[in-house]
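Trainee: Please read through the structure below; I'll follow up with questions.
FYI, it's all coordinate maths here, none of it is from the lab. Computed from a prediction, not measured in an experiment: that's the story for all the values here. Cβ: placed from backbone, ideal geometry, glycine included. Neighbour counts: every protein chain shown.
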């Protein structure tokens, strides 16, 4: 008797799970497909007197510990954006840009 009860409970659970996975959707006529408008370029134009560097970025975004976090969000930038490189040897970093002004 226990086997019959267990078998029927398993069968009911399997059939109930299969029925919840089915959906019915239909479209009538010829639906018009609309495409989204192309988004403007994601890169903002640089400000003529933009401030940069590690310290202004930490102040601007509010959490300075994310500058040390390798899995920080992309809005904090990459390490190459906050590093100065030697012009004679581009692969060799020269230092960290704490404050940076571009004109």
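Trainee: Which three extents, in whole angstrom, do the alpha-carbon atoms of the range 50-102 cover along their principal axes, largest first?
Mentor: 35, 24, 14
Trainee: Further question on the same structure: Once you have the Cα-Cα distance between residue 32 and residue 84, take 0.36 nm times their residue separation minus that, and quote the gain in nm to one decimal. Don't skip to the end; give the middle numbers.
Mentor: Details: separation 52, 0.36 × 52 = 18.72 nm, distance 5.29 nm.
Between residue 32 and residue 84, full extension yields an extra 13.4 nm.
Trainee: If each of residue 101 and residue 5 carries a label point 7 Å out from its Cα toward its Cβ, how far apart are those two points in nm?
Mentor: The answer from the label model is 8.4 nm.
Trainee: Which distance in nm do the two modelled labels at residue 12 and residue 65 give, with both placed 7 Å along the Cα-to-Cβ direction?
Mentor: 5.2
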